[in-house]
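To start, the structure under review is shown below, and the notes come after it.
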Amino acid sequence: MSTWANLGLQDSASPLMEQLIFFHDHALLILVMITVLVGYLMFMLFFNNYINRFLLHGQLIEMIWTILPAIILLFIAFPSLRLLYLLDEINEPSMTLKSIGHQWYWSYEYSDFNDIEFDSYMIPTNELMNNGFRLLDVDNRVILPMNSQIRILVTAADVIHSWTIPALGVKVDGTPGRLNQTNFFINRPGLFYGQCSEICGANHSFMPIVIESVPVNYF
Ligand code: CUA
């Protein structure tokens with residue numbers, strides 16, 4: 001999870017998040033190269049004394065600085081599309097979790113296991129244990145097996161919510177009247193924290209998500 005002064009992405013706990021981080025670094029590297037080049041060119045203009053009274057057009061340089069950015073953009077566009085389709089791929093999930101957003105808590109259904117249903121509320125600050133995370137811990141965690149493909153179905157009962165777990169690279173909107181689907185794979189045991197990321201009302205910040213990832217034989 002994120003702690004103090006952690007401004008970058010969280011460590012990945014799933015193969016998809018790993019790919020997302022690779023793509024982020026790739027895009028950032030291209031961005032830095034463009035910024036340095038353009039910054040250098042603009043800086044050097046201050047020291048330029050060359051004057052060409054007869055310069056009217058430069059066909060070649062116009063061609064180069066039109067086509068070159070287009071080619072550079074392709075180097076971002078193709079990996080981006082690859083990642084987009086990779087995120088949408090469903091790989092024979094071994095179980096399904098259904099998550100329903102409410103104002104302001106999540107409720108969950110394990111449809112594969114005799115319809116287990118429960119609500120997951122944030123623990124209020126005055127009831128928090130000493131080892132709890134303020135505004136982030138919940139009374140009932142989502143327990144999931146590690147090293148398995150998990151399908152998640154997200155919807156909402158009232159307004160739009162978003163079921164978001166940064167460490168797993170999962171972010172799915174819960175929309176009333178729709179059922180959205182994605183899947184993920186948890187690499188390791190542990191607790192993974194997330195928050196709603198649609199502006200769903202006054203207590204939007206107070207509907208966190210906690211996933212407890214356990215080995216399959218403990219599940
Ligand atoms: Cu639910 Cu924001």
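The values are calculated or read from the model by the stated rules, or taken from the named source; none is laboratory data. Treat the numbers as computed from the prediction; the structure is a model and nothing was measured. Because the Cβ atoms are built from the backbone with ideal geometry, glycine has one as well, and the counts that use them run over all protein chains shown. Protein only, heavy atoms only, side chains kept; ligands, DNA and RNA dropped before computing areas. Shrake-Rupley method; radii C 1.70, N 1.55, O 1.52, S 1.80 Å.
Things to note:
- Only residues that are open to solvent by 40 Å² or more (accessible area, probe 1.4 Å) and not β-branched (V, I, T) were counted across segment 140-163, and they come to 7.
- Selection of segment 29-68 for residues being over 25 Å from P79 (Cβ atoms) and part of a helix (DSSP H, G or I) yields Y40, L41, M42, F43, M44, L45, Q59, L60, I61, E62, M63.
- Taken over segment 57-109, the criterion of being aromatic (F, W, Y), in contact with a helix residue (DSSP H, G or I) (Cβ under 7 Å, 6 or more places away or on another chain) and at pLDDT 95 or above is satisfied by F75 alone.
- Residue list for segment 120-146, filter: more than 16 Å from the ligand (Cβ to nearest atom) and among the aliphatic types (A, V, I, L, M): I123, L128, M129, I143, L144, M146
- Residues located in segment 88-105, provided they are closer than 11 Å to R151 by Cα and either assigned to a strand (DSSP E or B) or of a type in the set (A, V, I, L, M) (or both): I90, M95, T96, L97, K98, S99
- Spans of strands (runs of 3 or more DSSP E) in segment 147-219 with at least 3 residues within 15 Å of the ligand (Cβ to nearest atom): 149-156, 161-165, 170-174, 190-196
- Checking M146, M129 one by one, the residue that is within 17 Å of G169 (Cβ to Cβ) and of a type in the set (A, V, I, L, M) is M146 and no other.
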